[in-house]
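All remarks here apply to the structure that follows.
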Protein chains: 2
Amino acid sequence: MALLSVAEALARVTQGLAPLEAERVALDQAKGRVLAEDLAARLTQPPFDASAMDGYAVRAADVAALPATLRLIGASLAGAGFRGRVGHGEAVRIFTGAPVPDGADTIVIQENADEVSGAVSVKDAAAGRHIRPRGQDFKEGEILLRTGTRLGPRELMLAASMNHAELPVRRKPKVAILATGDEVVPPGSELAADQIVSSVPYGLAALIERHGGEAMSLGIAKDDKESLVTLARAGSAADILLTIGGASVGERDLVASALRTEGLELDFWKIAMRPGKPLLYGRLGSQRVLGLPGNPVSAFVASLVFLVPMLERMLGLVQAARAEPHGLLGEALPANGEREHYMGAVSEWREDGTRIVRPLPSQDSSLVAGLTCADCLIVRLPHAPALPAGARVGILPLDRG
Amino acid sequence: MALLSVAEALARVTQGLAPLEAERVALDQAKGRVLAEDLAARLTQPPFDASAMDGYAVRAADVAALPATLRLIGASLAGAGFRGRVGHGEAVRIFTGAPVPDGADTIVIQENADEVSGAVSVKDAAAGRHIRPRGQDFKEGEILLRTGTRLGPRELMLAASMNHAELPVRRKPKVAILATGDEVVPPGSELAADQIVSSVPYGLAALIERHGGEAMSLGIAKDDKESLVTLARAGSAADILLTIGGASVGERDLVASALRTEGLELDFWKIAMRPGKPLLYGRLGSQRVLGLPGNPVSAFVASLVFLVPMLERMLGLVQAARAEPHGLLGEALPANGEREHYMGAVSEWREDGTRIVRPLPSQDSSLVAGLTCADCLIVRLPHAPALPAGARVGILPLDRG
């Protein structure tokens, strides 16, 4: 079977994926969720002309010639505005955020005035009006947050300002994770000879949650169809079934043939990629199935390249366009073979902000300690020519912690 | 009172802050937590010489001259290694990840061999040995994750590989958030005239959680001492009490004087910063108190500059050194005044990766919609001179969503 290109494989795994249904969540539960509708302001902000300073609300004409002495007729506080009108020769004490009373059109800041027994002496020229006009921030009905926006601290603060107590967000994509392998045991086990520790599910669960999905662990299936099918069925409600192949005989065949009895329509299983060549992909009814290699590095890189875009499609995430991240090679690289190569690399930043990237000494896909040292992956296309030190290369930055 | 510099204020708020106590959490609960001890591997990985390919385990001397025919004497599977020894002229079927049997020192990959009724014909030279030596990834006792590391997907995958089922992490710093102001109402309210919606607590709770803290909301205090003290006491177990000043009369005095009756030792309250000048800081027993301005933008920027470093100290977070982020001005900037200025700005990336930054048209600290458009803050030191377009400026990047 010819190897499939990464681009073609990505097109196939994301084909037909539409944003999931919307649900409403309380504002304090919406962190990291993705907005499912455009969000319009439910009020005008500020809702009234508001003072930007502590001082006195006056008529500009009254302080055109200085010094001037005005009669104090009241106070406007935040939450308790002055209900009357500021007339000629009058002033109202006012505080930051409080409504500017009718008749006044300027705030004299308090450092420029003295107040003595009901009289306000304005001694200095007021620079500017110091009024935040009604609606300066936004107006009722104005759309300030668009569908597809991921809700972080600032977006949530804005949504609250817009007077929303709950928000329409996309349901989280559910991803069921199924490890496989007779030799695989959970972390913390006393290991018998030949056994290895299950590690990939813990990394992928965190990756899935970081990208807005919900991970559920189905445990570790034995290398037989019955065990695999039984555990896979426990995850049938998930949007995506992620299998992590054991390294045992027939690793790929076992997952494919076991799930085929469940109705799996296999799409592909070999891609021109390094690490991560044996990637199984297919559909089981409405569920998408991604069969990852058992090597931790292969599984992680394949998840970054294929699973994360699937999640983003299901969330309807709209991302800001920006330049493709890149680095300059810290050392020469040989020509690449037929597989798109994702090389773990460590960066060093020059004073001018340039990112110098050096591949890790070993690119063996079984080395999980090495992957943790990397801060990006250098992406090399199939048959990319040899490159000298200093050449520009595309990278995939890896988030820290 | 003279204004305090941002650097001096930062030194004071972080002074004496040590990492919080450690607690143990299960691996699948450790996402985003910070490691409280150096973590040593509890096993050697791989635990045995393992095959890197599917094929046949042989003695290199037997395949030095090709073609060669070897006698198949068994199979080594992951989880079920071959217990015997590979002698002269013998071969063992082997799969990726399985133990290399005694006697064998080379793997012939399966594409280079034919197996017919117990005989293995090796037709092509094996390039390389295709063996991952025991301990190639790491050795038992080796420290692979250091105290102060934030645990992301890759770190958790590595910790699992090291055979840890639970991890020692720092307790999350608890931050109690107390909004104040007679005029402040929760989002979703029907607003009376002069009322404004509480928004800052929702943004800060998300910011605190993103940076590894635990946020608790104490609600909205009225502008009187009793209300403020009552609610503040409900947060007495928090490591940090965060108050958000209403814009009413005596905003700053009220918080300070109410908490002084509780034993607040006030440190400072005015810093040379824009936005965010009125920042209250003090200690209430072992609790740190940070009194933020009521304006959303001021409160958010002050939290980025002061609260986040406090959290990082309490978590004992160790961060990788890298170049200070910077951008090139997309337009000229006037000279700065006496206050360190954090200007909301929007970036545009040039093809070569250069980040061009342009300040938002309005830097009014009440404009929360504007803040959400920004992707970084341009940082201008007090009395910084005017700068032409193209000049390099320090920035504080803002995380999206």
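The values are calculated or read from the model by the stated rules, or taken from the named source; none is laboratory data. Just so you know, these numbers come straight off a predicted model, no measurement behind them. A quick note on method: Cβ atoms are made from the backbone with ideal geometry, for glycine too, and the neighbour counts reach across all protein chains shown.
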Open item on the list: So, A:Pro186, is that one out of contact with any Lys or Arg (no Cβ under 6 Å at 6 or more places or on another chain) and without any contact (Cβ under 8 Å) to a residue 40 or more places away in the chain or not?
Closed with: yes
- [ ] Of all residues in the range A:1-59, count the ones that are under 30 Å from A:Ser121 (Cα atoms), more than 14 Å from chain B (Cβ to nearest Cβ) and touching a residue at least 60 places away in the same chain (Cβ under 8 Å).
- [x] 1
Open item on the list: Is it the case, given these coordinates, that A:Ala206 is in contact (Cβ under 8 Å) with a residue 12 or more places away in the chain, in contact with a Leu (Cβ under 7 Å, 6 or more places away or on another chain) and either basic (Lys, Arg) or surrounded by 19 or more Cβ atoms within 10 Å (Cβ to Cβ) (or both)?
Closed with: no
TODO: Please specify each residue of the range A:69-120 satisfying the condition of being among the polar types (S, T, N, Q) and touching a residue at least 24 places away in the same chain (Cβ under 8 Å).
DONE: A:Thr69, A:Ser76, A:Thr96, A:Thr106, A:Gln110, A:Asn112
Open item on the list: So, restricting to strands (runs of 3 or more DSSP E) that lie completely within the range B:1-101, which ones have at least 1 residues that are touching a strand residue (DSSP E or B) at 6+ places or on another chain (Cβ under 6 Å) and under 20 Å from B:Pro173 (Cα atoms)?
Closed with: B:22-26
- [ ] Output the residue which, of all residues in the range B:253-276 that are part of a loop (DSSP other than H, G, I, E, B) and closer than 24 Å to B:Arg380 by Cβ, is modelled with the lowest pLDDT.
- [x] B:Gly276
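Here is a yes/no grid of residues against (1) more than 7 Å from chain A (Cβ to nearest Cβ); (2) under 21 Å from A:Pro47 (Cα atoms); (3) surrounded by fewer than 24 Cβ atoms within 10 Å (Cβ to Cβ):
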site	(1), (2), (3)
B:Asp194	no, yes, yes
B:Met216	yes, no, yes
B:Ala221	yes, no, no
B:Thr230	yes, no, yes
Open item on the list: Quick check on the range B:107-120. Is at least one of its residues over 46 Å from the mean Cα position of the chain (by Cα), over 18 Å from A:Ala193 (Cα atoms) and among the hydroxyl-bearing types (Ser, Thr, Tyr)?
Closed with: yes
- [ ] Looking only at the range A:65-86, count how many residues are surrounded by fewer than 22 Cβ atoms within 10 Å (Cβ to Cβ) and of a type in the set (Val, Ile, Thr).
- [x] 2
Open item on the list: Of all residues being among the aliphatic types (A, V, I, L, M) and surrounded by fewer than 20 Cβ atoms within 10 Å (Cβ to Cβ) in the range B:255-283, which is nearest to B:Ala7 (Cα to Cα)? Just the residue, please.
Closed with: B:Leu266
Task: All positions within the range B:193-236 that are under 22 Å from B:Leu20 (Cα atoms) and of a type in the set (Val, Ile, Thr) - done: B:Ile208
Task: All strands (runs of 3 or more DSSP E) inside the range A:342-401 with 3 or more residues being over 27 Å from B:Arg132 (Cα atoms) and modelled with pLDDT of 85 or more - done: A:392-397
TODO: Go through B:Thr180, B:Thr147 for me and flag whichever is buried (at least 22 other Cβ atoms within 10 Å of the Cβ) and either touching a residue at least 24 places away in the same chain (Cβ under 8 Å) or charged (D, E, K, R) (or both).
DONE: B:Thr180
Task: Within the range B:279-328, tally of residues that are touching a strand residue (DSSP E or B) at 6+ places or on another chain (Cβ under 6 Å) and part of a strand (DSSP E or B) - done: 14
Task: Tabulated pairs, the range A:268-294, first assigned by TED's automatic domain parsing to the domain that holds A:Arg233 and among the polar types (S, T, N, Q), second at pLDDT 90 or above and surrounded by fewer than 20 Cβ atoms within 10 Å (Cβ to Cβ), C-beta under 6 angstrom, 6+ apart or interchain - done: none
Open item on the list: within 12 Å of chain B (Cβ to nearest Cβ), closer than 30 Å to A:Pro101 by Cα and not polar (S, T, N, Q): is that true of A:Arg150 in this structure?
Closed with: no
Open item on the list: Quick check on my filter: what residues within the range A:365-387 are of a type outside the set (A, V, I, L, M, F, W, C), within 8 Å of chain B (Cβ to nearest Cβ) and touching a residue at least 24 places away in the same chain (Cβ under 8 Å)?
Closed with: A:Ser366, A:Gly370, A:Asp375
Task: Subset of the range B:305-328 [in contact (Cβ under 8 Å) with a residue 40 or more places away in the chain, within 11 Å of chain A (Cβ to nearest Cβ) and more than 14 Å from the chain's Cα centre (by Cα)] - done: B:Glu324, B:Pro325, B:His326, B:Gly327, B:Leu328
Task: Selection within the range B:91-111 - modelled with pLDDT under 90 and surrounded by 19 or more Cβ atoms within 10 Å (Cβ to Cβ) - done: B:Phe95, B:Thr96, B:Gly97, B:Ala98
- [ ] Within the range B:130-140, count every residue that is more than 7 Å from chain A (Cβ to nearest Cβ), in a strand (DSSP E or B) and within 23 Å of B:Ala26 (Cβ to Cβ).
- [x] 0
TODO: Could you grab me the full set of residues in the range A:156-191 that are under 24 Å from A:Val229 (Cβ atoms), out of contact with any helix residue (DSSP H, G or I) (no Cβ under 8 Å at 6 or more places or on another chain) and away from chain B (no Cβ under 11 Å)?
DONE: A:Lys174
Open item on the list: Please determine whether any residue of the range A:329-351 is more than 9 Å from every other protein chain (Cβ to nearest Cβ), over 19 Å from the mean Cα position of the chain (by Cα) and among the hydroxyl-bearing types (Ser, Thr, Tyr).
Closed with: yes
Task: Residues satisfying the stated conditions in the range A:277-330, i.e. at pLDDT 90 or above and basic (Lys, Arg) - done: A:Arg283, A:Arg288, A:Arg313
TODO: Go over the candidates B:Ala64, B:Ala36, B:Ala40 one by one and state the one that is of a type in the set (A, V, I, L, M), within 14 Å of B:Ala104 (Cα to Cα) and out of contact with any helix residue (DSSP H, G or I) (no Cβ under 8 Å at 6 or more places or on another chain).
DONE: B:Ala64
- [ ] Keeping to the range B:102-120, report how many residues are outside any strand (DSSP E or B) and more than 14 Å from B:Tyr56 (Cβ to Cβ).
- [x] 1
Open item on the list: Given the condition within 25 Å of A:Ala193 (Cα to Cα), part of a strand (DSSP E or B) and modelled with pLDDT under 95, answer yes or no: does some residue in the range B:121-129 qualify?
Closed with: no
